[in-house]
Every structure is written in C-alpha cells, then in structure tokens.
Amino acid sequence: MSGRFLAALAATAALFQLGTPVVSAAPGDARERELTRLTDDYYRLLGADPVAARAARDRHTALVNGPGAQPPFFSYMLGSQWPGALNEEKFPSRKGTFSQFQGCEIMV
Amino acid sequence: MKPKNRLSIGLLCLGVFLALLGSARADTSALFNVRDHGATGDGKTLDHLAINKAIEAAAATGGGTVWVPAGRYLSGSIRMKSNIELHIDAGAVIVAAPQSANAYDETEEFKPPAYQDGGHTYFRNSLIYGIGLENVSITGHGMIDGLGAWDSGDGLFAWNPILDRMSGCASEGERPVLKLGPDGKPLPNNGLPPVRRGNKAIAFKLCKNVLVRDVTIFRGGHFALIVTGCDRVTIDNVTVDTNRDGINVDSCRNVMISNSRINAPYDDAITPKSSYALGEHRITENLMITNCLVTGYEVGSLLDGTRVPGKNQVGRIKFGTESSGGFRNVTITNCTFHCSMGLALMSVDGAVLENFTISNITMTDVRKYGIHITTGTRNRSPDVTKPSRMRNVDISNIVMDGVDKMAGIIITGIPEQPIENLRLENIRLITRGGGTRKDAQKEIPEQGGYPKAVWAGDLSAYGIFARHVKNLELSDISITYERPEFRPAARFYNIDGLRLVNLNAQVAEGVNVAEFASDVRRLVVRDSAGIPNTQ
C-alpha cells in the first residue's frame, strides 16, 4: 500500500471531522445537555416506540425554536429573501424580526 | 545467440522501454498539479489564482485533469474550462474566501426584468463555475466548504437581496421594480454596478456533458450545486450538507442524479426547476433521481454523524417552484427521506408537468405532508397564455411513517385546469394524527399565488386531500394514525373519474373513511372498507 494512499486515507478520515457537532453538551449548559439528550432519545426510541421518539423530537424542535434560541437576523433574512418581503409598508408584520420558524414558513 | 541477434533484442527492449516511458510521460503531462502552479494549500493564502492557472494550462493543451492534492485551499472564484476535470483529492478542501477578500468574480450583466431571484440570475460570482462549456467535471473524495454565511461575510452568502435588486426580480404577484434608461428600456443590472458577492458553491450554465462525482459540499451558500440550461449532467455519489438549497437542476435535459446524500434543513435538498433565468421558457426533461437520501438534519450533523433533527426540516425533493418551462419525462426511484418535508410536485408558472414515475420511496418523520401535488396560478413568467397543467403521474410503493398533522397526501389542481391522470398505488401512510372534529369541518380555500404548503394550515382530511383532478386512481392504500384523529381519512372535491381500490383507513367512531365533498363524478369503489362498492 503506497504512502500516498495511506496519507489520503488519513486525510479523508480527518475530512469528516470537519463538521463540528451542532449540539455539544458543554459543561454547565443545561439547554445543550437537554438537546443532546432529546436527540439521543429520538434515535434510541425510533425503532421501538416511534410515538415517544417523535414526542422527543417535538420537544427538541420546540426547544431549538423557542424564544431567544436563535439569532433573530437569520429568520428575518430567510423571510426577506422572498421577493417583496422587504416591503415593510406592505407587510408591517414583517418589520423588524420574526422567528426563524416563521421565516421558513414563508419559504416553504 | 549471435551478437547481432543480441543487439537486435537489446534494441527491441530499449524501444519498448522508451515507448512505455513516452506513454507514461504523456499520462502525467495530462495531470496538472495546482501546487506546481503556485497553490499553497495552507488555508491562509488565496489559492484560486494558482488553481485557475492550472486550469488554463490544462485547457491550453486541449484539456486534462487538474489535481488538487490534500490541503486547505482558500479560494475565490475558480473558472472551469472545457475538457477539464477538477479532481479534489481525498484530504483536499477548497474553502470559500471571505467576502472581504474580494476574491469572487464580478456578476455578469443581466438585462431585467428577472422572473427568478438573484441567485438564479448571476453565475460568475460562484466559488466554482463554468458557462458555455463542454466535457467538464468535478471529482474526487475531497470537500468544498462554502462556509455558508447568511451575511456575515465569512463565506458564500445564502441570502441575496443585492442580487435581487440588480436583477429587478419580479415579486410574487407584483410588477418588477425596474429602473429605466433614457430610451425607456430597463437599465442593465437595474443601473447598479456589478458586485463580487460569492453566493454559490458550484454553478454550471449552458454546459454540455457535466459530471460531478464523489465530492462533499459543506455549507454551500444559496446553492451547493446548480446547473442551468445544461445537457447531459451526471451527479453521482455526492454528499451535500448545506444551509440552503442542495442540488438545483434548472431548465436542463438528460440529467442523472444518483447515489447521493443531501442534507438541507433550511431549504430544499433536490430541486428541479424550469425558471426564466435563460430568458426563455425551457423545460427540464429526461431526469432521473435514484438511490438518494434527503434529510433535514441540522447543518453539519449529516457529516459528523450526529444527525440532529433540524430546526425547520425542509430538505425535500421538490419540483418547482420556478416552473415556467415545465417538466417532462422524470423518474424518481429508491429514495429515502428523513426528518424532512415530503415530496412536492409543483407546476405554477403556466407550463406543463407530465410523464412522471415515482416509486420505491420511504419517508420517516415527515414534516407537514408526505406528498404535495399542485398546479397553481402564480405565473411568475412573461407571456403566460395557458394555466399550469399536470398530467400522467404515477406514484407507487411509498411508505410514509410519522407524517405531521397537516395531511398525508395533498393534491390540488385549479378549477379550470384539473390535474389529469394521476395514479397512486401501494401506499402506506402513517400519520401522527391529532386532528379534531373542528378541523374536519374546516373550509379549505383554493390555493393561489405561491404554493405554500401551509396555505390553509391543517387540512380537513388527515390522509388524502384531493381537489380538481380528472382521472384519479388510488389503489392499495393503507392510512393509519398514531394519536387520536377525528378527521376523515380522505376528502375529495371536483374529481372527474375517481377510482378507489382496496383503500383501507383507520377512522374514529362516527367518522367516515372518505368524504365526497362536492362534484365527484364517475366514481368507482372496490374492496375499500367503510365505502360501499359501486356498481
């Protein structure tokens, strides 16, 4: 096996380390720990008890979409990328910020 | 052996050796290492100039493979050329330069009005792009990391208000806002200067014979991969984990997407379109999507394996919304959806969607709906003379498990132009339930304008909601729910030619399996529990 191949293999392994885990239970961060637990529950229960698994997923979704859980600019942009959505006179309700969830609702 | 013979054999061996050497040299000369052209791969130096030099050198010899060996290559726009294979080797990462580096090419001139957003209008401001090329490919087990910024300037922008303003993008149901020159005609780019605003990872426009294979695209900006107006496109074994659209196929023909994984929690995963970006109505046709996984995990969590359910879980396969040219001759087979919205077929800009076969699909934990089939009157396109049409769609062998409350299958035509010849066969639909008797009484308005799945919220049937269809056949359908559900399993309006065969649905006591709400003609029912057979 050539050295180049081994190097490429190692590099490939490193490549897939690039995706930083989105949910990382940092010490002392109760919210992140709860998110991680809910994700774990979801996959653990998905085969045996899908209803309970989906309930865990719902709680996860509610938590990540809860107040203050995401930067407000994000959803504002998602919404306003929609043509006309920047027209705040026409759409006064879109003035300022709305939740990320609402932003995606506009898109889909 | 005589000395003369020995000499002859020796000369022969030498000749063979030289010939082999020559051929080996010929092989290596077709390989252009970007490091030989000045690329550093240190992740700090802008390397796209060196990569472009390597591409130009290869093109000057008639083409070849431009090799990007392991390393991190900070890059602005990489300009592909004909007969070039850009091979991003295992361990190589092409990283999008920050916007502040001014490293992306200027947007090309566009004469408004656009009937598509700025991301579909401009191509040169991409990380890797090619326009008007032939025989072009991007291969290798390396990665393209667009950094996928929304507008912080760290990488490819996912949001393009400046590009929208430049293109004079026509709004939904509104006239485009255009700046006119002294001659009364719209000014190019709406009178705005070109910008260097990188917003896509890979873009090909008007190319022939395009191959993208094996690469991983992470945080790809507005589009991880977009092909517009291309012929003979192969996208194979690609992994996309991105913040907006995954793969867009716009106004292309002869396209194969296979063996790929696309995670796009905030937008669509695979999105065939037929926009007006080329200034004409051009159909997307002869398209095959097979052996693909589409998901709505949080960005990055497909790649790192944690598979965190996304905040919004879009990540679907969706035809449209841009549909001014139409869609024809499409197969979708052997695909899996997880934590995403379902399959959407939309023809809403005055063209036709026809001749689709869709089979062998499993969906689990589906947001909003499992299947949404709709024609509409958005008409975001010039010279719309006919209503949008849809016909000849066969969907079979589908399992949808854990579909949200809204409805499992939504089919909405338009009154003056019903969807024609739609067959759903061998469908197992398990919804999450939760519908109330009040939901069952809801009046559902016609769907107009942009075809949002949420146009009416939860629908008045939990399994199948169908309206304005001519020749609808439903056979071997199983519909059940997980939580208490008080809506009927199916509701039909204005169906001319409805055939129900072996429809079995769970319903609460006192709730009908199917409601034939209005104007259902030529009804045939066979072997469907709770619905008497017709004669």
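General remarks:
- A helix-only calculation puts chain B at -3000 deg cm²/dmol for mean residue ellipticity at 222 nm, using -39500 (n - 2.57) for each DSSP H run of at least four residues, averaged over all residues.
- Taking the C-alpha atoms only, the angle from helix B:3-29 to the longest principal axis of chain B is near 50 degrees.
- The ranking of B:S347, B:S475, B:S275 from fewest to most other beta carbons within 10 Å of each one's beta carbon is B:S475, B:S275, B:S347.
- Label-point separation, B:V524 to B:T45 (7 Å along Cα→Cβ), nm: 7.3 nm
- Net charge of the neighbourhood of B:L498, taken over other residues with C-beta under 10 Å away and scored Lys/Arg +1, Asp/Glu -1, is +2.
- Only the Cβ atoms of Lys and Arg (+1) and of Asp and Glu (-1) were treated as charged; on that basis the dipole of chain B about its Cα centre amounts to roughly 700 debye.
- Packing-based exposure ordering (other Cβ within 10 Å, fewest first) of A:D58, B:D42, B:D349: B:D42, A:D58, B:D349
- Taking every C-alpha pair closer than 8 Å and separated by at least 6 residues, the mean separation divided by the residue count of chain B gives a relative contact order of 7 percent.
- Modelled label reach - B:E134, point 7 Å along Cα→Cβ, segment B:62-93 residues with backbone N closer than 20 Å: B:62-66, B:80-86
- P(r) histogram, all alpha-carbon pairs of segment B:256-379 included - 10 Å bins from 0, percent: 15, 43, 32, 10, 0
- Evaluated at q = 0.17, 0.28 Å⁻¹: base-10 log I(q)/I(0), Debye formula over Cα of segment A:23-64: -0.41, -0.86
- Cα gyration tensor shape for chain B, rounded if a/c is under 1.5, else prolate or oblate: prolate
- Partner chain coverage, peptide B:213-223 - average Cβ within 10 angstrom: 1
- Rounded if a/c under 1.5, otherwise prolate or oblate - segment B:104-315, Cα gyration tensor axes: prolate
- Nearest 10 degrees, 0 to 90: helix B:48-60 Cα axis against chain B principal axis: 70 degrees
- Packing-based order for B:91-97, B:443-449, B:385-391, using average beta carbon neighbours within 10 Å, highest first: B:91-97, B:385-391, B:443-449
- Number of partner chain Cβ atoms within 10 Å, mean per residue of B:294-305: 3
- Spatially proximal lysines relative to B:K452 (Cα-Cα < 23 Å; intrachain offsets below 8 disregarded): A:K90, A:K95, B:K273, B:K311, B:K318, B:K368, B:K386, B:K405, B:K438, B:K442, B:K470
- Ranking B:L353, B:G320, B:L429 by how far each Cα lies toward the positive end of the dipole of segment B:316-444 (charges on Cβ) leaves B:L429 at the top.
- Proximal lysines to B:K53, defined as alpha-carbon separation beneath 27 angstrom and excluding residues fewer than eight positions away on the same chain: B:K44, B:K81, B:K200, B:K205, B:K208
- A Cβ-based charge dipole, computed about the Cα centre of segment B:379-535 with Lys and Arg at +1 and Asp and Glu at -1, lands at about 200 debye.
Each reported figure results from applying straightforward, stated rules to the coordinates on display, with no laboratory input. As the structure is a computational prediction, the values presented were derived from the model and not from experiment. Cβ atoms come from the backbone with ideal geometry, glycine included; neighbour counts cover every protein chain shown.
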